[in-house]
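To start, the structure under review is shown below, and the notes come after it.
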Amino acid sequence: MDERVRRWRLVLGGGEADGTGTALRGDDAQMDGALSAVYEGRGGLGSSAPKVARWLGDIRGYFPASVVQVMQKDAIERLELTRLLLEPEMLDAVEPDVHLVGTLLALNAVMPDEARESARRVVRQVVGELERRLEQRTRAAVGGALDRAARTHRPRRHADIDWDRTIRANLRNYLPEHRTVVPARLTGYARRQRGVQREVVLCLDQSGSMAASVVYSGVFGAVLASMRSLKTSLVVFDTAVVDLTDQLHDPVELLFGTQLGGGTDINRAIAYGQGLITRPADSIFILVSDLFEGGIREEMLRRVAAMTQAGVQVVVLLALSDEGAPAYDHENAAALAALGVPAFACTPDAFPDLMAAAIERRDLNRWAELQASRR
């Protein structure tokens, strides 16, 4: 069979309308059946955990892990298999990923005891993989930014001179006959001091659309909390606010402390987070939310304005995930932008550089535009 025809046949799903007139055999027929169970409903998966578990095993044999994760997510949403995830047999069969963790966290309150340990095993595996992927880059980016943020006019070493700023500051000392600038005043980087250099407050919206963002934020929060140069706090909110800072040493326990779903009171969450800040000029407040406010909008905006005026670097992430921005409140995003507070989506791979940009007080609107142009 021609490979191009074979691929089209698998995409189109068979039947008179597909126009290929091609029948599949062997593994191709099995692969077609696995796809049809989700995307056509032909045969279906029903509500049998053993049947679904066998299907999960089949697709792992036919497709790469990245495709398996997409098919799992689609099957859970299209065929309403959420209830089956409460059964240990299902949890042992699935391919762990961020979306699955988000679903499990949403089911945490109704999860039976016999499924809880399997669920923790899934969450622990995904968190471990994320930490290995993101920790080193985050530490390097944040550590470098803290070094660079400490400006001095008496750099101790040649390597500490910021030549771009030094040249700009000394353009008036340009000597045409020598075609050179005389650096009468140096600008450079001081070595980072010991102790806490920045306060970081992560404020996470627990509404259902933010599930992947909560997972990634929990992992990043744990990494940041492990750095002595940062004082990191993490709070989650719906209509109530819960401070999970004391669980940052264990991101798995932290994630199980969240309760995805429910209403939203951003104003109350910001008020609590604002109270955690003791050094405004050295603080970064990161709100991860789709900005659909169920609280008092005017107070929310006043609190954000007060923080920025006090010197706090405020950042609003509409999402911290690989999928980009979900549906969000455009009116609130525009109101925040008018206050000089950018609101944008950020991928996990870009978050370390975002932290570096915030520490160095770069223009975050410009940073977001550059990130968008690279996608």
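The values are calculated or read from the model by the stated rules, or taken from the named source; none is laboratory data. None of the values given here were measured: they were computed from a predicted structure. Glycine gets a Cβ as well: all are built from the backbone with ideal geometry, and neighbour counts include every protein chain shown.
Output the residues belonging to the stretch 362-375 that are part of a loop (DSSP other than H, G, I, E, B) and surrounded by fewer than 13 Cβ atoms within 10 Å (Cβ to Cβ).
In the first step, residues of the stretch 362-375 are kept if they are part of a loop (DSSP other than H, G, I, E, B); the result is 362-363, 375.
If the condition is that a residue be part of a loop (DSSP other than H, G, I, E, B) and surrounded by fewer than 13 Cβ atoms within 10 Å (Cβ to Cβ), then D363, R375 are the ones that fit.
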Worksheet item: Would you call V196 of a type in the set (V, I, T), within 32 Å of the chain's Cα centre (by Cα) and not in a helix (DSSP H, G or I)?
Response: yes
Item to complete: Residue by residue through the stretch 340-361, note down the ones that are exposed (fewer than 15 other Cβ atoms within 10 Å of the Cβ) and under 14 Å from V314 (Cβ atoms).
Response: G340, R361
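Is there a residue in the stretch 292-302 that is assigned to a helix (DSSP H, G or I) and hydrophobic (A, V, I, L, M, F, W, C)? Outline the logic, then answer.
Residues of the stretch 292-302 assigned to a helix (DSSP H, G or I): 297-302.
From the residues that got through so far, the ones that are hydrophobic (A, V, I, L, M, F, W, C) too are 300-301.
So far as the stretch 292-302 goes, yes, one or more of its residues are assigned to a helix (DSSP H, G or I) and hydrophobic (A, V, I, L, M, F, W, C).
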Worksheet item: Name the pairs whose Cβ atoms lie under 8 Å apart, with the first residue in the stretch 258-274 and assigned by TED's automatic domain parsing to the domain that holds L291 and farther than 21 Å from T232 by Cβ, the second charged (D, E, K, R) and in a helix (DSSP H, G or I), and 6 or more positions between them or separate chains?
Response: N267/R297; N267/E299; N267/R303
Discussion item. Please go through the stretch 330-352 and give me each residue that is over 22 Å from L301 (Cβ atoms), touching a strand residue (DSSP E or B) at 6+ places or on another chain (Cβ under 9 Å) and part of a helix (DSSP H, G or I), ordered by number.
Written reply: F351
Discussion item. Quick test for you: out of A305, A327, pick the one residue that is at pLDDT 95 or above, of a type in the set (G, A, S) and either part of a loop (DSSP other than H, G, I, E, B) or surrounded by fewer than 18 Cβ atoms within 10 Å (Cβ to Cβ) (or both).
Written reply: A305
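Regarding A106, is this residue within 24 Å of E323 (Cα to Cα), at pLDDT 75 or above and in the same structural domain as L255 (by TED's automatic domain parsing)?
On the way: within 24 Å of E323 (Cα to Cα): yes; at pLDDT 75 or above: yes; in the same structural domain as L255 (by TED's automatic domain parsing): no.
It is false that A106 is within 24 Å of E323 (Cα to Cα), at pLDDT 75 or above and in the same structural domain as L255 (by TED's automatic domain parsing).
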